[in-house]
Structure formats: structure tokens, C-alpha cells
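Here the structure comes first, spelled out in C-alpha cells, and everything after it is commentary.
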Amino acid sequence: MNKLIAAVMVAGAAVVAAPALAADMPYYPPVIDVPDVDYGVQGAFYLRGSAGGNGLWAKEVSHPSGVPDTVFATDDWGFGYSVGAGVGYETGTGLRFDVTADYLANDELSTTISGSANIANGQHKLELRSTILLANAYYDFGLGGGGYGAAGGAFGYVGAGAGVALNNVISHGPGLPDTRGDNTSFAAAGMVGVGYDFGQVVADIGYRALYINSVENDEPLLPYSVANVWAHEVRGTVRYRFN
């Protein structure tokens, strides 16, 4: 009986003393490890591929042999497509750079010749095949608080590029057989678009205004040139990052 009474007394003392002891003990809050926010892939190389449709426009065509007139206004757009690939580097600060090679095909840009003594009168149409080589720079900016197109976020971009266009042309029209020619010209581009960053893969869709300084037929019989040619393109692009 004495032992039982002693055990009850010890238990009671422990119940009374526990709150006092707990009050005297220092409190250490639990440590929660919060991972850093991912603001995008830093310093990544990437490969890219693009495809899109285009509309081609120029103000006029110059035909030196088209006496008495030598300059003829265009009267219809040309339509076609482009596909391309490139390699680039993104800094992780919103800036990225790449070099691209695109194959551009376009048909039906046309002019109507009338009153010429040396060129068959009627509608003449241009078939253009170009290889476009450009060095480009872009700035990506987050949409909806997504940082620099951070992984899992939407982004917008603007860009510009410069390089060369390697042009091959065929003209179709009444009179003489089709004429062919080649030339190399300065080219430049301005880009704007939106996309989504999935992390390893980035996809975007955008508009590119591609400027070709001159498209020429160097054939001696019926030479012609088309200055200040613009290709208005809507393109989709996929980038794959190498970390």
C-alpha cells in the first residue's frame, strides 16, 4: 500500500511540475527548407527550328529593256512558306542570341506590263527561292509575373537580325520562255511574339518582317530587279535547351 501511495504522489508531482518546466525551456521553431524560386535557365545553349507562312510584297519592278517604260508597279502579293533552323545562347537575363538559316519559298508576286516594245505585254509573275542567313538578338520579358520567360511561364519577346539573302528567281509570263537568275543581297529582320517556357523546351509564335534589299535576275536577255522586298511572316518556333 505504501508503494502505491508513493507512486501516485510521484505522478501527481510530475503533472504539476510539467507546465512549469515547459515554461522555463527555450522555444525553437521548426526549420522549414523553402527551395529557391526558379527564375529561368541561366546561361543555356539551345537549338531551334521554325516554320511558317509568308506574304511577299514590293512596290515596283525595274525592267531596263522595257522601253519606253522601265519601271512597273506590282499588282499582286506573293504567298509562300519558310522553314529554318539555328543555334543560340541565352544569358538568363532576358537577352539571347542566335544564328539562323531559313529556306524561303514564295510565288505569284506579279506586275502587268503594257505598251512595251521589247517585253511581252501581260502579267508576269515571280517565283522566289531564297536562303536567308541571319545573326539575331532578342529580349524576352515575362508575362503575368513570370520573370524572364521562367520555366513554366508565359513570355513575350522582341528581336532584330541582319545578314544576307541568297536568291534564286524564275519569272513566268507571256512571250519568251521563263527567265532565271541569281543574286546575293543584304537582308534584315524584326521580330515580335509570345511563347511559353516549359523548362527544357520553349515554344513561341510570332511575326517576322523580313527585308531583302534587292531580288535580281542577272540574265543578259531580259534583266530585271525588284528593290526593297518585304516578306511578312507568321512563324512558330521550338527551342531545345542544353544545360
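Every number in this text was worked out from the coordinates using simple rules, so none of it is lab data. Fair warning: this is a prediction, and the values are worked out from it, not measured in the lab. Heads up, the Cβs are rebuilt from the backbone with ideal geometry, glycines too, and the neighbour counts pull from every protein chain shown.
Quick look at the numbers
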{"quantity": "Residue 184-residue 105 pseudo-label distance in nm [points 7 Å out on the Cα-to-Cβ vector]", "calculated": "2.5 nm"}
{"quantity": "Label-point gap, in nm, between residue 79 and residue 203 - each point 7 angstrom along Cα→Cβ", "calculated": "2.5 nm"}
{"quantity": "FRET efficiency, residue 160 to residue 131 (Cβ-Cβ, R0 25 Å, nearest 0.05)", "calculated": "0.80"}
{"quantity": "Given charges at Cβ of Lys, Arg, Asp, Glu: the range 30-242 dipole, positive-most of 196, 166, 183", "calculated": "196"}
{"quantity": "Protection proxy ranking of 65-73, 164-172, 88-96 - average other beta-carbon atoms within 10 Å, highest first", "calculated": "164-172, 88-96, 65-73"}
{"quantity": "Cβ-defined net charge surrounding residue 98, 15 Å radius [Lys, Arg +1; Asp, Glu -1]", "calculated": "+2"}
